[in-house]
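Working notes, structure below.
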Amino acid sequence: MTETDKKIAQTIADNLHSEFVHYKDKNDNGTETCPCCKRKYQLVTIKWLASVTGISKPTLDHYFQGNRVPKIPQLIKISEALNCTLQDLLANV
């Protein structure tokens with residue numbers, strides 16, 4: 001990864017983290033009980049984001065850590081899940 005790619009990846013990672021926290025603050029009420037098995041689970045997690053977007057958790061972890069630059073289709077899926085815009089995720093890139 002070039003230095004420019006590293007800077008882009010880190011900027012996107014910072015924006016992802018910011019939008020994820022913003023979404024979580026607005027939508028996460030702690031835990032929820034599954035109606036089927038009665039287990040409690042946390043509503044907004046990286047695992048939740050993986051299930052909603054179809055992007056694997058390890059791949060999302062790389063995006064959040066700034067180790068990879070997500071492609072536009074992945075950014076679109078993430079922005080839709082987090083109810084934000086592509087511009088939010090690509091700010092300052």
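What is the gain in length, in nm to one decimal, between Asn67 and His17 on full extension, counting 0.36 nm per residue of separation less the C-alpha to C-alpha distance?
Going from the current span to full extension adds 16.6 nm.
For Gln10, put the label point 7 Å out on the Cα→Cβ axis and report which residues of segment 42-67 keep their amide N under 12 Å from it.
Label zone hits: 66-67.
Readers should treat all values here as calculations from the given coordinates under stated rules, not as data from a laboratory. The model shown is predicted, which means the values in this text are computed figures rather than measured ones. For neighbour counting, all protein chains shown are included, and Cβ atoms are generated from backbone atoms with ideal geometry for every residue, glycine included.
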